[in-house]
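Undergrad: Pasting a structure below so you can have a look.
The values are calculated or read from the model by the stated rules, or taken from the named source; none is laboratory data. Note that the structure is predicted; figures quoted are calculated from it, not measured. In this analysis, Cβ positions are derived from the backbone assuming ideal geometry, glycine residues included, and neighbour counts consider all displayed protein chains.
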Amino acid sequence: MGLTHSSHYSHVSHVRSVATFNEKVIVSPYEDIYPRLDIIDFYDNETYQPQFDLLIQGYQALKERPYEDMRSYYQVSGIHGLPYSAYDGVTGSNPYKSSDFSEGRWGGYCNHGNVLFPSWHRPYMLLIENLLINEAKQIALQYPSRQRKKYIDAAKQLRHPYWDWADEKAAKGVPEVFLISTLEINTPNGKKNVSNPLRNYILPTNLSVPLEKGQNPTDKPNYHIPNMTYNPYTPKGYPTIRHPNSNYDDQYDWLNRNFSVYVPSVLRPGLYQMYHISNYLHFSNHIVTSNDQEMPESNPGHPDPDPKLNLGYAHFASIETTHDGLHLIAGGLGGHMSYVDITAFDPLFWFHHVNVDRLFALWQGAFPDSWIPQNINGNGTYTQGMNYSINEYTDLEPFRKSKSEFWSSSDVRNITKLGYTYLECEKFRGKDSKELQNYLLELYKPDPYYGTRFFVKVTIERGKLVGPYAIRVFVDLPSANAATPVTSPHFAGFVAMWQSTLKHTNNSLVVGTVDITAAMVKLGIRTEQHGYLNDVNSTTGLLKPTSLFNIDTDINIVPIMMNGCEVSPKNAGVTLVQVFSFKHDKVDKNFLVESSGEFHAFKKF
């Protein structure tokens with residue numbers, strides 16, 4: 001028998017032990033500005049070797065702290081979701097109660113599905129970076145005198161690296177620094193092979209609750225992916241996992257194979273679309289609501305055959321939408337990265353989210369005048385009730401800038417004031433923002449270029465299913481199902497529904513788009529604009545059948561749960577599928593021209 005939601009909560013909402021180790025945790029800016037670097041440049045590079053040595057030892061030091069310590073890896077990871085309890089005593093004005101779980105209130109601190117998604121994660125990354133640097137400074141002092149100054153300087157310059165998972169190199173797979181078991185680094189006691197703290201995290205206490213027999217790591221070698229009613233259970237002494245097999249081992253071949261497919265079909269097209277969006281509301285998160293006056297039902301230059309059917313941008317991909325996709329790709333079926341409540345325990349989370357912060361900072365540079373509007377947090381957080389009004393001055397709890405004050409989005413708008421930057425931000429500082437936007441579109445352009453790009457836009461009602469799932473889009477394959485491989489030429493991409501195990505009750509919608517152009521070209525489906533002389537039968541005057549876009553047969557929607565089971569589009573919350581196209585600018589091919597949008601077809605579910 002499965003556990004009820006109420007019993008599930010009673011197991012996971014245990015009160016964190018009160019930290020007696022130190023004072024309140026303050027997230028502090030740095031006096032000097034240094035860049036956060038790409039992990040691929042940072043790893044195994046002699047220039048940054050001292051910083052890398054300290055990063056690895058810093059992560060290990062955080063993991064070795066008693067897990068009740070608010071500066072431990074366990075406690076900082078637990079801010080995001082489970083164990084749904086107070087971090088550093090921060091309960092807010094509307095403290096979370098066990099009864100809130102059944103009503104749909106989110107019990108973690110993180111903001112998802114609202115305008116604070118990018119800005120809330122900024123001080124979160126600053127917190128883990130602060131703690132790592134503090135550890136690094138202490139470790140640097142332990143080096144022999146002939147090396148000590150070099151390591152003290154390295155600790156001062158250390159900033160948390162990012163992993164650019166949409167770079168063309170990412171199609172080759174996840175960098176080995178996240179996969180290998182040991183690393184050779186220079187420690188205060190000389191060169192040593194050390195256990196790699198970036199590969200996984202071994203839980204010091206139980207995370208979530210035991211599930212039915214066969215769905216727990218302790219059931220290996222007969223482990224199988226849990227049902228979606230609950231988060232996977234990780235017992236004390238077991239590691240975080242990516243794409244687990246029946247023996248609860250990582251399947252890195254599957255992990256890397258997924259990146260070879262999804263980098264060109266999901267991640268790069270997602271960022272390419274995102275850097276066309278100049279409005280912060282549309283850029284920041286994946287939620288739209290039909291009664292939200294700040295998310296108009298139609299937009300100038302975007303075709304709208306029926307205002308009741310179309311919400312938001314036609315070529316819409318928020319930073320959160322693409323971010324969601326990365327979580328599902330990296331975690332895979334049953335992996336920690338795939339679940340909102342437990343994702344931050346996988347060390348890969350931090351490198352992913354520092355990259356999200358980088359993408360956010362670069363978007364700010366391209367659109368410096370757009371910022372956070374008044375909005376609603378529908379599902380709440382550990383400190384905010386449901387439908388809580390939020391804006392740029394809302395406290396980003398639990399991140400303190402002093403013992404009595406919390407950081408706000410307004411406080412963290414300028415990253416240089418926090419003491420870090422990114423090399424690309426510095427390269428374009430003081431230049432025309434259009435230059436930066438052009439650079440970003442060139443950096444993440446889907447290859448190859450086509451004069452016209454086609455998009456399938458999927459509108460999904462939240463709350464139809466619990467837990468994360470993916471809505472795969474196939475082109476011209478009516479028989480597509482859960483068993484159809486994503487390596488098929490018919491596969492175009494997916495929209496991630498990355499949500500917790502909560503039922504969502506606020507009638508919000510998620511909108512995602514899939515660029516189907518490359519799949520159309522592979523399959524020989526025309527992408528050029530229709531022409532009268534070629535497409536119209538000269539005798540009957542009717543459009544030739546080969547030129548019609550039949551959405552019932554040409555666009556095939558396959559929702560897939562994390563355990564591999566298929567769900568009907570309607571049961572997955574899909575309410576509407578639309579097909580649009582946009583032309584590239586003839587002068588500057590990086591840009592899609594909004595006013596060129598053409599509507600082709602729609603289907604309601």
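Undergrad: Out of (1) surrounded by fewer than 18 Cβ atoms within 10 Å (Cβ to Cβ); (2) part of a loop (DSSP other than H, G, I, E, B); (3) at negative phi, what's the single condition that is false for GLY430?
TA: Only one criterion in (1) surrounded by fewer than 18 Cβ atoms within 10 Å (Cβ to Cβ); (2) part of a loop (DSSP other than H, G, I, E, B); (3) at negative phi is unmet by GLY430, namely (3).
Undergrad: Across the range 31-56, what is the number of residues that are surrounded by 15 or more Cβ atoms within 10 Å (Cβ to Cβ), outside any helix (DSSP H, G or I), out of contact with any strand residue (DSSP E or B) (no Cβ under 7 Å at 6 or more places or on another chain) and modelled with pLDDT of 95 or more?
TA: 1
Undergrad: Please enumerate the residues belonging to the range 508-539 that are of a type in the set (Val, Ile, Thr) and modelled with pLDDT of 60 or more.
TA: Of everything in the range 508-539, those that are of a type in the set (Val, Ile, Thr) and modelled with pLDDT of 60 or more turn out to be VAL510, VAL511, THR513, VAL514, ILE516, THR517, VAL521, ILE525, THR527, THR539.
Undergrad: Considering only residues that are more than 16 Å from the chain's Cα centre (by Cα), of a type in the set (S, T, N, Q) and more than 13 Å from TYR382 (Cβ to Cβ), which ones fall in the range 77-134?
TA: Selection gives SER99, SER102, ASN130, ASN134.
Undergrad: With the checklist (1) at pLDDT 95 or above; (2) farther than 26 Å from GLU176 by Cβ; (3) in contact with a Ser or Thr (Cβ under 6 Å, 6 or more places away or on another chain) in hand, flag the one item GLY104 doesn't pass.
TA: Failed condition: (1).
Undergrad: Go through (1) surrounded by 18 or more Cβ atoms within 10 Å (Cβ to Cβ); (2) outside the structural domain of LYS570 (by TED's automatic domain parsing); (3) among the acidic types (Asp, Glu) one by one and return the number of the condition GLU442 breaks.
TA: If we test GLU442 against (1) surrounded by 18 or more Cβ atoms within 10 Å (Cβ to Cβ); (2) outside the structural domain of LYS570 (by TED's automatic domain parsing); (3) among the acidic types (Asp, Glu), just (1) comes out false.
Undergrad: Let me ask something additional. For the range 325-334, does any single residue satisfy the condition of being in contact with a Lys or Arg (Cβ under 7 Å, 6 or more places away or on another chain), touching a residue at least 60 places away in the same chain (Cβ under 8 Å) and either among the polar types (S, T, N, Q) or crowded, with 23+ Cβ neighbours inside 10 Å (or both)?
TA: Looking through the range 325-334, at least one residue is in contact with a Lys or Arg (Cβ under 7 Å, 6 or more places away or on another chain), touching a residue at least 60 places away in the same chain (Cβ under 8 Å) and either among the polar types (S, T, N, Q) or crowded, with 23+ Cβ neighbours inside 10 Å (or both).
Undergrad: Okay, moving on. Of the residues in the range 181-212, how many are of a type in the set (Ser, Thr, Tyr), in a loop (DSSP other than H, G, I, E, B) and either surrounded by 13 or more Cβ atoms within 10 Å (Cβ to Cβ) or outside the structural domain of ARG65 (by TED's automatic domain parsing) (or both)? Can you show your working first?
TA: First pass over the range 181-212, keeping only residues of a type in the set (Ser, Thr, Tyr): 181-182, 187, 195, 201, 205, 208.
Add one more test, that the residue is in a loop (DSSP other than H, G, I, E, B), and what stays is 181, 201, 205, 208.
Okay, now just the ones that are also either surrounded by 13 or more Cβ atoms within 10 Å (Cβ to Cβ) or outside the structural domain of ARG65 (by TED's automatic domain parsing) (or both), so 201, 205, 208.
Residues meeting the conditions: 3.
Undergrad: Looking at the range 57-66, is at least one residue small (Gly, Ala, Ser) and either within 26 Å of ARG199 (Cα to Cα) or buried (at least 23 other Cβ atoms within 10 Å of the Cβ) (or both)?
TA: Yes, some residue in the range 57-66 is small (Gly, Ala, Ser) and either within 26 Å of ARG199 (Cα to Cα) or buried (at least 23 other Cβ atoms within 10 Å of the Cβ) (or both).
Undergrad: With at pLDDT 95 or above, among the β-branched types (Val, Ile, Thr) and under 30 Å from GLN57 (Cα atoms) as the only criterion, which of VAL412, VAL340 stands out?
TA: Going through VAL412, VAL340 in turn, just one is at pLDDT 95 or above, among the β-branched types (Val, Ile, Thr) and under 30 Å from GLN57 (Cα atoms): VAL412.
Undergrad: For the range 213-229, enumerate the residues that are outside any loop (DSSP other than H, G, I, E, B) and over 15 Å from HIS336 (Cβ atoms). Give the derivation first.
TA: Narrowing the range 213-229 to residues outside any loop (DSSP other than H, G, I, E, B): 217-219.
Listed by number, the residues that qualify are THR218, ASP219.
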